[in-house]
1. Return the only residue of 472, 515, 452 being in contact (Cβ under 8 Å) with a residue 24 or more places away in the chain, surrounded by 21 or more Cβ atoms within 10 Å (Cβ to Cβ) and either in contact with a Pro (Cβ under 6 Å, 6 or more places away or on another chain) or of a type in the set (Gly, Ala, Ser) (or both).
2. Please go through the stretch 430-446 and give me each residue that is closer than 16 Å to residue 420 by Cβ and without any contact (Cβ under 8 Å) to a residue 60 or more places away in the chain, ordered by number.
3. For the stretch 181-228, enumerate the residues that are aliphatic (A, V, I, L, M) and surrounded by 14 or more Cβ atoms within 10 Å (Cβ to Cβ).
4. Does residue 80 satisfy the condition of being over 24 Å from the mean Cα position of the chain (by Cα) and free of Cβ contacts under 8 Å to residues at least 60 places away in the same chain?
5. Counting just the residues of the stretch 562-580 that are under 21 Å from residue 337 (Cβ atoms), more than 37 Å from the chain's Cα centre (by Cα) and not in a strand (DSSP E or B), which one comes out modelled with the highest pLDDT?
6. Checking residue 388 against (1) at pLDDT 90 or above; (2) over 30 Å from residue 472 (Cα atoms): exactly one of these is not met. Which one?
7. Among the candidates 35, 49, single out the residue that is surrounded by fewer than 13 Cβ atoms within 10 Å (Cβ to Cβ), under 23 Å from residue 154 (Cα atoms) and out of contact with any His (no Cβ under 6 Å at 6 or more places or on another chain).
8. Considering only residues that are surrounded by fewer than 17 Cβ atoms within 10 Å (Cβ to Cβ) and either basic (Lys, Arg) or outside any helix (DSSP H, G or I) (or both), which ones fall in the stretch 229-270?
Amino acid sequence: MSILARLLGFAYRYRGYTIAGYLCLLATIVLGLVQPMIFREVIDVGIGQQDTDHLLAMALALVAVNVVSSLAGFGMSYCNEYVSQRVAYDIRNALYDHLQRLSFAYHDRARTGELMSRVTSDVEHSRVFVGNGVLQIINTAVLYVAILSIMLSLDWWLSLVSLATLPFIAATAVMYGRRVHPMFRRVQRQWAHLTAVLQENITGVRVVKAFARENFEVTKFEDENQAFLERQVATSRLQAFVFPMMVFISSIGTVAILWFGGLEAIEGRLSVGSLIAFNSYLMRLAGPTRQFGWIVAWVSRATASGERLFEILDAPSPVRERPGAVARQTVDGTVRFEGVSFSYAQAIAAVVARPEVARDPAAVPETTGRRRDRDDRTLLTRASVPATPILSDINLVAEPDQVIAIVGHTGAGKSTLTSLIPRFYDATAGAVTVDGTPVGDYRLIDLRRRIGIVMQETLLFSASVSENIAFGNADASMEAIERAARAAQAYEFIQDLPFGFDTRIGERGVTLSGGQRQRLAIARALLIDPRILILDDATASVDMRTEFQIQEALKVVMKGRTTFIIAQRISTITHADQIVVLDHGAIVQRGTHEGLLASPGYYRDTYDMQLRDRDESSEPVVHFSGAVSLGAQDDR
């Protein structure tokens, strides 16, 4: 019940509307209970005694009751819907806010489609429970207590006869609840799998078409859709059996009342009006009795959805802002790595919600001849994570106005090393400091606003060119945006776009070339005027001429800044102040271009493969001071 209590906690801030809605509900219940008494008076007095005045008075009273009941029903529906929609609004905001603050380690493992499913479908099921579900629970409870009290006052013997069916109805509801809860959980999880497949296919549609895998993807989606259909049908089959069964059981009570009540009326121990009123009350219990099944369904579905929602809201982030974090508006840019080690396995262990359940395959029920139940799957994927450290005992110092180039083979840990500076991850050993202060002691917003990053994967948003460039500094003037675009050698192609800086680009920037996207990403990083600049594969998608122009512009931009460059092309880093060679997470070489060429190792071997023949043939080679170049997507 703690899950349901937490869901209801979101409604507490709207307790005024909640109380008003419940008062209107009570009004409709009371007015509904008055109507059978009015009918009894009409039959026993108005018709039985042929009292037309009393008959008219009862008719007018019935009209008044219905008018007031309708107004109360409007108030109840409005307040209930208002509260439920506000609760859904708050839950969605809480989920989105928490997702924004979770570390890279969480998002490295979470499936985007499943996150979308929880923020949409699971929130909606929770909203229905907070609104209609709770209302019906209160309505049913109050009606049963009130109607049974009135029936006992009219005829205790007939009341006991009617109560004889309640244990069977309760037993059916309990059985239904026990069976339907895991079924609803499986339905919700399968819906998440289906959403994930859809999202991945839409995102990767170009790859699907490039490899002519449309039929494979259609089959994969059909399999997931078939599994979802089977689970929905299984749930509906149970509902189709239980609900009519509960109605049938309650109808037995009605038949008993009519038989025994009819005998008492014939013998004169009960008036006809009282019998009709008694039967009317019993009929009013039929609705709440049928609602038992729906209430169990709402509670079960809300519990299953609430578990999935709170799995996100309760997920810890190993990268947290510490109490008393340093608030600094400026930094000089001295970066130190002191005995730093990092392991993805340890970072991931901090965010996995719960271990995957090891289950006996033979115990997993078959849903079709091809598929097995996957109820033990969680939000976080179980992709393999290297058990060995990605970085080991890194010691490195970068001073302001220095350019530090980082080279090494794919997977050597280049990108991971620079990701520790803005605290995308926290080092598992050692310390990373900026101006002598550990990065963990800074406020995250202050730390990251002092760092400009051009990542390996260039992501742009569905917005205008100027909005994308100003993403890190929404208050930037148009003059500053244009200046950043010129520095990134993007100004000319932006002017050629249909609406210049106001041109809206497609999702993820698909309407632009790879080189254009990278130049916009560089402009975005430069606009925030960072003291520390991290360029990770920033010019890999541009031609040599544009790369040269960008590097010439960066020469001016880099002055006074601490710049980290991840590179594989030697030609772009020959004038770096310090070149660091990583191999399996450890620094195996460091020095200047000339010094490293004089020593055997990875750097000289790479230079021989890339440039030796061209240098010896006396062909001119363009050297880019502070340049950035080819990195690998798996460099972590």
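1. Values: 472 fails: surrounded by 21 or more Cβ atoms within 10 Å (Cβ to Cβ); 515 fails: surrounded by 21 or more Cβ atoms within 10 Å (Cβ to Cβ).
Of 472, 515, 452, the one residue that is in contact (Cβ under 8 Å) with a residue 24 or more places away in the chain, surrounded by 21 or more Cβ atoms within 10 Å (Cβ to Cβ) and either in contact with a Pro (Cβ under 6 Å, 6 or more places away or on another chain) or of a type in the set (Gly, Ala, Ser) (or both) is 452.
2. 438, 439
3. Looking only at the stretch 181-228, we keep the residues that are aliphatic (A, V, I, L, M), and these are 183, 187, 192, 194, 196-198, 202, 205, 207-208, 210, 212, 218, 227.
Residues satisfying the conditions are 183, 187, 192, 194, 196, 197, 198, 208, 227.
4. Values: over 24 Å from the mean Cα position of the chain (by Cα): yes; free of Cβ contacts under 8 Å to residues at least 60 places away in the same chain: yes.
So residue 80 fits the description; yes.
5. 577
6. (1)
7. Details: 35 fails: surrounded by fewer than 13 Cβ atoms within 10 Å (Cβ to Cβ).
Sole residue among the options that is surrounded by fewer than 13 Cβ atoms within 10 Å (Cβ to Cβ), under 23 Å from residue 154 (Cα atoms) and out of contact with any His (no Cβ under 6 Å at 6 or more places or on another chain): 49.
8. Residues satisfying the conditions are 237, 267, 268, 269.
The values are calculated or read from the model by the stated rules, or taken from the named source; none is laboratory data. As the structure is a computational prediction, the values presented were derived from the model and not from experiment. In this analysis, Cβ positions are derived from the backbone assuming ideal geometry, glycine residues included, and neighbour counts consider all displayed protein chains.
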